[in-house]
Amino acid sequence: MRANIVDDWQAQAITEHQRLVASDRPSAALRLAARALERLYRDLGAPPAILGWLDLLEADLAAAGSDPAVVDVAVFHAGLAVLGRCPRHPALPLWHARALAALAHARIAPDDALAAAHFAFEYAIRAGNFVQAREIVTLAQTFIANATPDVRRAWREAEALEAWLSCDFPRARAAVHESLAAGGGYTAWEQGASAALAEGDRTFAAQCLAAMTRTIDVQRTQDVAHMRFLRGVHARLDGHDFDAGNHLVACLAQDRSNVPDFFVTLWQLGHAHLAVARGQTRTAASVLAVVLARASTHYWTFLRFSALLSRTWLRIRQHRAGEAFDDLAQALTLVRSGGYRTCDPWWDPEAIDEIARFAQTGHHDAATLQQLVSHKT
């Protein structure tokens, strides 16, 4: 049903865009293309249709000139869609820099500012720059009070993500509850579940997962898949690895045509990590090789760090100590540069404890490992 609605809306939007271009109104055409990309991302995730609208957006950007009042707002609203579908698009670093500048100089309307913040924040998270992500959360505070309710609510969900990645679990839960109090639904519960699983609070995680089931839009395959992923995490932490495996298989079996590669890579990392736990070393090794290659190509530093940590665990269990220490050293280098306190696909106490014990058998960066193992802000 949703796909049909989106198709109908797109057809009307394309006709209107053609009219605006024909009447020599490039700024209006640019705004329409940007909003179309924003809506596609919100409704479907990262569908192939983004590519067609991106072509139109780029033509409109060239026609609209360099007026920042027009260009900045357009790219801020379009940015998440482009980041999701085309994570290596050459314009993304420039748009990210423009978003940071607009936030720092407070020269933008509140809703547009939070669109800029959301794009810049997701860019920073996927690049593994958590220090910058925290700075963006701080910069956004200037605009929250005057933003419209829907925009403010969505931003609270981004704040929850930053908080739990920083292991500030009380702040994460507060942001989730603020979003829910303002009418938030599935996405707020998803962040609540993610925070609870990272913290190890399986009871609250179960409550959030149940709420996700009640509020999910089953037409969004990304959400359906990610809910199965989180259920797999919950099962793993409960000691039910067989059930966790079933959830991960169901997650990866979903249609990926509308799903950003970033999330597919995260889910594959979860599959590999679980394979280590279950003694499926060949599967784990082959999937981790794919994850590490993609994370490096796409500059997804946090996923690269997490995959290196999972491969460290794998190599410990394979009794390949030298390679395990090499992977651990690379992982800890990324911990130092990124300031990481947790890891994907989830905080697995068994893996962390085993890696920490292994590290005592040879030379390693003990201070950085302790910083990670402490799992605190």
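Starting from the coordinates of the alpha-carbon atoms of the range 117-242, obtain the Kirkwood hydrodynamic radius over all distinct pairs and give the value in Å to one decimal.
About 14.9 Å, per the Kirkwood formula over Cα pairs.
Could you run the Karplus curve 6.51 cos²θ - 1.76 cosθ + 1.60 with θ = phi - 60° over the range 312-327 and give me ³J(HN,Hα) per residue in whole Hz, x for Gly and Pro?
Values, residue by residue: 4, 4, 4, 6, 4, 6, 8, 6, 10, 4, x, 5, 4, 5, 4, 5 Hz.
Figure the gain on full extension for Thr15 and Val249 (residue separation times 0.36 nm, minus the Cα-Cα span) and round it to one decimal in nm.
80.1 nm
In square angstrom, rounded to the nearest 10, how much accessible surface does Thr15 have for a 1.4 Å probe?
Number for this one is 80 Å².
For the Cα atoms of the chain, what angle does the longest principal axis make with the long axis of helix 130-144, in degrees from 0 to 90, nearest 10?
Once rounded, the angle reads 40 degrees.
With a Förster radius of 51 Å, plug the Cβ-Cβ distance of Arg107 and Phe242 into 1/(1 + (r/R0)^6) and report the FRET value to the nearest 0.05. Can you show the working numbers first?
Values: r = 55 Å, r/R0 = 1.08.
So the FRET efficiency works out to roughly 0.40.
Give the Kirkwood hydrodynamic radius (Å, one decimal) of the range 257-327, defined as one over the mean of 1/r across all pairs of different Cα atoms.
Values: mean 1/r = 0.0830 Å⁻¹.
One over the average 1/r among Cα pairs gives 12.0 Å for the range 257-327.
For a paramagnetic label modelled at 7 Å from the Cα of Gln280 toward its Cβ, which residues of the range 244-273 fall within the zone defined by backbone nitrogen distances under 13 Å?
244-253, 268-273
Roughly what would the spin-label model give for Asp67 and Gln207, points 7 Å off Cα along C-beta, in nm?
Those two pseudo-labels are separated by 5.1 nm.
Mind giving me the nanometre distance, one decimal, between the label points for Ala182 and His89, set 7 Å out from Cα along Cα→Cβ?
So the label points at Ala182 and His89 sit 2.6 nm apart.
Under 17 Å from the 7 Å Cα→Cβ point of Thr215, by amide nitrogen: which residues of the range 191-207?
191-197, 204-207
Taking a 1.4 Å probe, which of Val291, Val373 shows the most accessible area, and what order do the others take after it?
Val373, Val291
What's the center-to-center distance, using Cα atoms, between the range 290-366 and the range 201-221 in Å?
Measuring centre to centre over Cα atoms gives 29 Å.
Show me 20-26, 204-210, 347-353 ranked by packing, highest mean number of other Cβ atoms within 10 Å first. Numbers along the way, then the final one.
Working: 20-26: 14.3, 204-210: 18.4, 347-353: 16.3.
Most protected by this proxy first, the peptides run 204-210, 347-353, 20-26.
Using only the alpha-carbon atoms of the chain as identical scatterers, what base-10 log of I(q)/I(0) does the Debye formula give at q = 0.07, 0.08, 0.10, 0.13 Å⁻¹?
-0.32, -0.42, -0.65, -1.07
Points 7 angstrom from Cα along the Cβ direction at Asp8 and Arg42: gap in nanometres?
Output for this residue pair reads 1.8 nm.
Pairwise over distinct Cα atoms, reciprocal of the mean inverse distance: report the Kirkwood radius of the range 1-135 in Å, one decimal place.
15.1
Only residues of the range 304-331 count here: report those whose backbone N is under 20 Å from the spot 7 Å along Cα→Cβ of Glu350, or say none.
Hits in the range 304-331 for Glu350 at 20 Å: 306-320.
Assuming R0 = 22 Å, can you tell me the calculated FRET efficiency for the pair Arg336 and Gln360, based on Cβ-Cβ distance, to the nearest 0.05?
0.70
The values are calculated or read from the model by the stated rules, or taken from the named source; none is laboratory data. Source: prediction; values computed, not measured. Don't worry about glycine lacking a Cβ; one is built from the backbone with ideal geometry, like all the others, and counts go over all protein chains shown. SASA here: full protein model, heavy atoms, side chains in, ligands and nucleic acids out. Shrake-Rupley method; radii C 1.70, N 1.55, O 1.52, S 1.80 Å.
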